[in-house]
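Asker: This structure is in structure tokens; I'll ask about it shortly.
The values are calculated or read from the model by the stated rules, or taken from the named source; none is laboratory data. Not measured: the values here are computed from a predicted model. Because the Cβ atoms are built from the backbone with ideal geometry, glycine has one as well, and the counts that use them run over all protein chains shown.
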Amino acid sequence: MKNNWLKYRLFFLLAAVALIDSCFGILVDFYTAKHPLPGDYLKIEYLMKSSDEDMLIIGSSVTINAYIPQIMEDSLGLTCFNGGCNSQTLPFYQCMVERILSRYSPSYIVLSMRKDDLFDGSLGFINLLKPYYGKGYASIDYFLDKQNGRKSIFLHSNLYRYNTIGCRILLHYLQSAEKISRKGFEPHAVPKYPPTLINHYEYASAYRPTNPELEACFLKIVDLCRQSGVRLIVTSPPLYIKLPGQGNSYEFSVLENLCKAHDVPFINDSQSAFFLSRPDLFHDNSHLNYRGSEIYTNRFINELREKRAELSFK
Amino acid sequence: MLFNSLHFLGFFPAVCILFRILPQRYRNLFLLTASYYFYMSWKPVYGLLILFSSFVTWIASIYIDKQSERKAKKKILVISLIANFAVLFVFKDADFFSTLINQILGFASIRMQLPSMELLLPIGISFYTLQVTAYVIDVYRGEIQPERSFLRYALFAAFFPQLVAGPIERAKNLLPQFHREYRYDGKVFFDGIKIMAWGYFMKLCIADRLAPYVDAVFNNYQIHNGASLLLGTFFFTFQIFCDFAGYSLIALGTAKCLGFDLTLNFKRPYLSPDIKTFWRRWHCSLSSWFADYVYIPLGGNRCTLYRHLFNLFITFVISGLWHGANWTFLIWGAYHGLLIIFYVLKNRLLPEIKAHSPFQTIISVFFTLIIVMFGWIFFRANDVEGAFSIVKKIFTEPGMLYRGNGIPDIILALFCIGLLMFKEIKDEMAWNIHLIHNKNEVISVISLSLLISFIILSANFSGGAFIYFQF
């Protein structure tokens, strides 16, 4: 008997790991039925499951530090939430827009885009959505399968999908309860030394093919918003980088043409002369500090008002 | 192929199964084929370099054995060493020296520039070069008999578990194992899996979890304060240990699963009470290589004190340069050379100062860890200027800690370091607490399954290659 047990210990080891994996899955499912996932997931959970604002802003880290929802609410008279998430690109935005529109239709979705959003070689940090794999969200499953390739077999493991999140859940009880403050906006401090201008102004802005997968995501977002009667606005916040092509970068011209073709307003402040002369308003070359965000949000509101005819702002 | 890749996850079980079912006479050939496949899956053409090194040293060893005159033996030895080290030099150091010569020529206003070759460094070249040269030197010294079968010798040179980052095996340990008949032993196989699991824990849960923080801080030291750089240095101290020792353990476990025993490369180095002990415990196979083939031929300690100190210093400088022709490695090697010199002098001049009580031992271990940690700044910094700036900032620029990917990541990394150090202390003190190595198989299997589950739950699976691959 003992010999048999020893012979099959590798099998027992694999079975024990599978059992632990299943038990862990049951525990996390039980937990997530009552609590949102902590950390970065607070915002994702909010966007996917509970947001109800009139205006939702979606984008990457640049977005988190650029738009102050409170100022926008006070000026525009509508509720607003900054749903920017670190290191994200179009596949993530598409997943979020799909989840939001499956629940309700906000009046506006502001899609904040970077220069390379249509051209990136990868699907971005979509692995952040691993905990939602296999939970009935088709787009999330699709992008995760695509991103992970052969590794997507591991996505069936609960331990793998909740990798590091288990630790965050435990820590959640050791530190003060996390919550989404400032309606999703996270201010950046004024750095000790302002950033140095990255000047590519004189460089030629060369042709690059768009990534068809990312372009399809963008068009899908446009289509979803149109079908739900949501006004989509594409923006790009200020940078402290002088872009190639004397400020007229090829990448932004592609985005602009795409927006024009689909009747989507595009507010591009990436090369704003005002911000390019004010390094004191930046945390680094791509992110505004809190002084910069205040000024930028007010300027953005004015730009929205200038387009009031097509956007029906008050 | 990386040990932490999906490719290896398929490769390793396939090798284990085929190795077991094949008749004995085909096993070495199969392992050799698997080893070349393992290596060539990265860049096929570089497989020729191992083949070249293997062939040159094998032929040299046969001819050395045939010669009766010492002079003729020496001639063959020198030719084979030059051939091997020339390849290593061309791929690893040529660009550094051509830049250096160009700078000197520039200072002398001579209008001549040596071209830069910018060759892609073959992974593991420093490791297998040392292994095969040690073999041919051992044959020359008459310490071992040359291996007559090229197949067996080629397998010794290219055995996949230790091919790309050691341990640098000695022929007298590994070669006889290729003569033995393989017999499957479930316990040995399972022991191999346990060793591999701990290696993966060190690599994926500690080294790869710390890497983003270390990279962020060291690659952008200008924008970080002293506190963040100090934490970055502390993290790098454990990153490099866990990365390299983790690799060595995976190699050891992989070989064990196939029935082979490799040398233990790390023996709790961060619990060393002095710098000499540290070097006996850190990268043991390299330290013993340098001791046997550089330090002792230079005269070792059987000479005047000054010559002894010089031998120590030169050995450490060369070991620094072995990591790469770069001023940072040279300074790191020289720094350790000086530490060893201080240690030797202290023992000569003040032999009565030694740690006796447990408290004194703890202080000694802590002090050794700090001086080793300081040396890692030079090892990790991208250039010498950066290294000195980091040192200056650590002592002069306090401030808020950089949080990297967030506090949970830092806490998770610290927790894993705590687990590791608990195990290291337990092993050092020989405490009779065993989980995955428990004699009770039920406890052992449950502990191992918990460890594997913990690895899946807390590892950083997007980490890259092993640090020592670049050497």
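Asker: Within the stretch B:1-28, which residues are more than 25 Å from residue B:197 (Cα to Cα) and loosely packed, with under 14 Cβ neighbours inside 10 Å? So that I can check it myself, show each step before the final result.
Answerer: Keep residues of the stretch B:1-28 that are more than 25 Å from residue B:197 (Cα to Cα), which gives B:22-28.
Residues satisfying the conditions are B:23, B:24, B:25, B:26.
Per-residue answers, yes or no, for (1) modelled with pLDDT under 90; (2) more than 15 Å from residue A:198 (Cα to Cα); (3) in the same structural domain as residue A:52 (by TED's automatic domain parsing):
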{"position": "A:240", "(1), (2), (3)": "no, no, yes"}
{"position": "A:244", "(1), (2), (3)": "yes, no, yes"}
{"position": "A:255", "(1), (2), (3)": "no, yes, yes"}
{"position": "A:264", "(1), (2), (3)": "no, yes, yes"}
{"position": "A:275", "(1), (2), (3)": "no, no, yes"}
{"position": "A:286", "(1), (2), (3)": "yes, no, yes"}
{"position": "A:295", "(1), (2), (3)": "no, yes, yes"}
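Asker: Something else about it: Quick check on this structure: which one of A:215, A:202 is buried (at least 17 other Cβ atoms within 10 Å of the Cβ) and out of contact with any helix residue (DSSP H, G or I) (no Cβ under 6 Å at 6 or more places or on another chain)?
Answerer: Working: A:202 fails: buried (at least 17 other Cβ atoms within 10 Å of the Cβ).
Going through A:215, A:202 in turn, just one is buried (at least 17 other Cβ atoms within 10 Å of the Cβ) and out of contact with any helix residue (DSSP H, G or I) (no Cβ under 6 Å at 6 or more places or on another chain): A:215.
Asker: Looking at the structure I just gave you, is residue B:413 crowded, with 18+ Cβ neighbours inside 10 Å, of a type in the set (Gly, Ala, Ser) and within 27 Å of residue A:170 (Cβ to Cβ)?
Answerer: Spelling it out, residue B:413 is indeed crowded, with 18+ Cβ neighbours inside 10 Å, of a type in the set (Gly, Ala, Ser) and within 27 Å of residue A:170 (Cβ to Cβ).
Asker: Next question, about the same structure. What helices (runs of 4 or more DSSP H) lie completely within the stretch A:74-190 and have 1 or more residues being within 14 Å of chain B (Cβ to nearest Cβ)?
Answerer: On the way: elements: A:90-103, A:138-148, A:158-161, A:165-174.
Those helices (runs of 4 or more DSSP H) span A:138-148, A:158-161, A:165-174.
Asker: Quick test for you: out of A:76, A:37, A:90, pick the one residue that is touching a helix residue (DSSP H, G or I) at 6+ places or on another chain (Cβ under 8 Å) and at pLDDT 90 or above.
Answerer: After applying the criteria, what remains is A:90.
Asker: Same structure again: Consider residue A:220 carefully, then state whether it is within 29 Å of residue A:122 (Cβ to Cβ), over 22 Å from the mean Cα position of the chain (by Cα) and in the same structural domain as residue A:98 (by TED's automatic domain parsing).
Answerer: Details: within 29 Å of residue A:122 (Cβ to Cβ): yes; over 22 Å from the mean Cα position of the chain (by Cα): no; in the same structural domain as residue A:98 (by TED's automatic domain parsing): yes.
Spelling it out, it is not the case that residue A:220 is within 29 Å of residue A:122 (Cβ to Cβ), over 22 Å from the mean Cα position of the chain (by Cα) and in the same structural domain as residue A:98 (by TED's automatic domain parsing).
Asker: Which pairs have Cβ atoms under 6 Å, sit 6 or more apart or on different chains, and link a residue in the stretch A:292-308 that is surrounded by 15 or more Cβ atoms within 10 Å (Cβ to Cβ) to one that is assigned to a helix (DSSP H, G or I) and of a type in the set (Ser, Thr, Tyr)?
Answerer: Partner pairs satisfying both residue conditions: A:301/A:75.
Asker: Right, another one. What number of residues in the stretch B:218-228 are more than 10 Å from residue B:401 (Cβ to Cβ) and touching a residue at least 12 places away in the same chain (Cβ under 8 Å)?
Answerer: Quick first cut of the stretch B:218-228, residues more than 10 Å from residue B:401 (Cβ to Cβ) only: B:218-223, B:226.
From what's left, touching a residue at least 12 places away in the same chain (Cβ under 8 Å): B:218-219, B:221-222, B:226.
Matching residues across the stretch B:218-228 total 5.
Asker: Something else now. Quick check on this structure: which one of B:187, B:203 is more than 27 Å from residue B:375 (Cβ to Cβ) and either in contact with a helix residue (DSSP H, G or I) (Cβ under 9 Å, 6 or more places away or on another chain) or within 14 Å of chain A (Cβ to nearest Cβ) (or both)? Steps first, please.
Answerer: Values: B:203 fails: more than 27 Å from residue B:375 (Cβ to Cβ).
That would be B:187, the only listed residue that is more than 27 Å from residue B:375 (Cβ to Cβ) and either in contact with a helix residue (DSSP H, G or I) (Cβ under 9 Å, 6 or more places away or on another chain) or within 14 Å of chain A (Cβ to nearest Cβ) (or both).
Asker: Could you grab the pairs with beta carbons closer than 7 Å, sequence gap of 6+ or different chains, first residue in the stretch A:142-169 and surrounded by fewer than 19 Cβ atoms within 10 Å (Cβ to Cβ), second one assigned to a helix (DSSP H, G or I) and among the acidic types (Asp, Glu)?
Answerer: Correct list of pairs: A:152/A:145.
Asker: Give me a count of the residues in the stretch A:110-145 that are hydrophobic (A, V, I, L, M, F, W, C) and touching a Cys at 6+ places or on another chain (Cβ under 6 Å).
Answerer: 1
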